[in-house]
Amino acid sequence: MYKVITSLLFILTCTVSANDAQYFWRFGDGSVSHEAEPEHEYAQPGIYTVTREVYLGGKLLESSEKQVDLISPKIVGLIILQPDEVIQGQNVEFLANLTSSEPLDLHYQWYVAGEPVSVEDDNGKFTTQFAEPGDVELSVDALWQQTVVSSTSTQLKVIEADDDGDKPDDGDDNPGDGDDNPGDGDDNPGDGDDNPGDGDDNPGDG
């Protein structure tokens, strides 16, 4: 339970006494009260809007509201966990690591270079890859409903991917020319062999 003493939130500005005025409190969790200075306990941590209305003779004299933040005081810190290297064109996973004094029902919004990105699973994890090398800012907001309760950012160094030099397109072991079995100049040429068509031991004339 989380107790809130409303007299610490509001200072009465009207001059009527508590006996003459009527009060109507809304605590943002569905609970109401008609006491002048009620105490209220919240069952769950959250950020609640407390409203107070003061009436006299059925006429509204004052209306005001305050926000009760039962989330931010419980957050110890938020950091982004990342791998040692971020390589161009390779998938990389980041994690929003939030430390708090008790479990909190939060969700996260990621930003790359200041632009929001959508994440399928809202569990604090973000998987992506970077097409270009260089410096990139990555940041994340922790939110309770639509309210940012903590945020952090980090500078990434995206490393250029190494070229694969093991298998170049040319200069391999079997080039198209100059190999061990060339198309010409072998041991059995088409001319100049031991049995030429003329000038042999049995010439047709002479």
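The values are calculated or read from the model by the stated rules, or taken from the named source; none is laboratory data. All values reported here derive from a predicted model rather than from experimental measurement. Because the Cβ atoms are built from the backbone with ideal geometry, glycine has one as well, and the counts that use them run over all protein chains shown. We work out accessible area using only protein heavy atoms, side chains counted, and drop any ligands, DNA or RNA first. Shrake-Rupley method; radii C 1.70, N 1.55, O 1.52, S 1.80 Å.
In table form, for the structure just shown:
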quantity: Of residues in the range 1-22 being part of a loop (DSSP other than H, G, I, E, B) and under 42 Å from the mean Cα position of the chain (by Cα), the one modelled with the lowest pLDDT; calculated: PHE10
quantity: Matching residues, the range 24-47, being farther than 26 Å from PRO103 by Cβ and open to solvent by less than 30 Å² (accessible area, probe 1.4 Å); calculated: TRP25, SER33, PRO38
quantity: Breaking point among (1) more than 16 Å from the chain's Cα centre (by Cα); (2) at pLDDT 65 or above, for ASN188; calculated: (2)
quantity: Leading residue by the ranking (modelled with the lowest pLDDT) among those in the range 23-50 that are of a type in the set (S, T, N, Q) and out of contact with any Gly (no Cβ under 8 Å at 6 or more places or on another chain); calculated: GLN44
quantity: Members of the range 62-110 found to be free of Cβ contacts under 8 Å to residues at least 40 places away in the same chain and of a type in the set (Ser, Thr, Tyr), listed by number; calculated: SER63, THR99, SER100, SER101, TYR108
quantity: Members of the range 48-61 that are touching a residue at least 40 places away in the same chain (Cβ under 8 Å) and open to solvent by 20 Å² or more (accessible area, probe 1.4 Å); calculated: LEU56, LEU61
quantity: Residue tally, condition surrounded by 15 or more Cβ atoms within 10 Å (Cβ to Cβ) and farther than 12 Å from THR154 by Cβ, over the range 75-92; calculated: 4
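Here's the yes/no breakdown for (1) aliphatic (A, V, I, L, M); (2) surrounded by 17 or more Cβ atoms within 10 Å (Cβ to Cβ); (3) not assigned by the TED database to the domain that holds GLY46:
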residue	(1), (2), (3)
PHE94	no, yes, yes
SER100	no, yes, yes
PRO116	no, no, yes
GLY124	no, yes, yes
PHE130	no, yes, yes
VAL149	yes, yes, yes
